[in-house]
Amino acid sequence: MLPWADLLRITATRWAWTPAEFWAATPRELEAVLGLGHAADGLKRCELDQLIRTHPDTATRGRAENQKEERPHD
């Protein structure tokens, strides 16, 4: 059984997580934050290229999209 109280205390005091952030975290995220997991391998270039093809960037959703720059008329 996982020591939930200890995990919550550590993430709250050391990482300043809120209870909502703690309970939303996956077990792998908890392992990573606590240094319990193994180091993840990086992506290979072909894997990155596949992700880019599968999930291409779409229009940005920033300020520039929502606010058009107004220029004074000459």
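The values are calculated or read from the model by the stated rules, or taken from the named source; none is laboratory data. Remember, it's a predicted structure, so these values are computed and weren't measured experimentally. Note that each Cβ is placed from the backbone with ideal geometry, even for glycine, and that neighbours are counted across all protein chains shown. With ligands, DNA and RNA removed, areas are computed over all heavy atoms of the protein, side chains included. Shrake-Rupley method; radii C 1.70, N 1.55, O 1.52, S 1.80 Å.
Of (1) out of contact with any Ser or Thr (no Cβ under 7 Å at 6 or more places or on another chain); (2) modelled with pLDDT of 65 or more; (3) hydrophobic (A, V, I, L, M, F, W, C); (4) not in a loop (DSSP other than H, G, I, E, B), Phe22 satisfies all except one. Which? Failing condition for Phe22: (1). Whenever a residue of segment 1-22 is open to solvent by less than 70 Å² (accessible area, probe 1.4 Å), its partners that are among the hydroxyl-bearing types (Ser, Thr, Tyr), lying with C-beta atoms within less than 8 angstrom and at least six residues away or across chains, give the pairs Ala12/Thr18; Trp17/Thr11; Phe22/Thr11.
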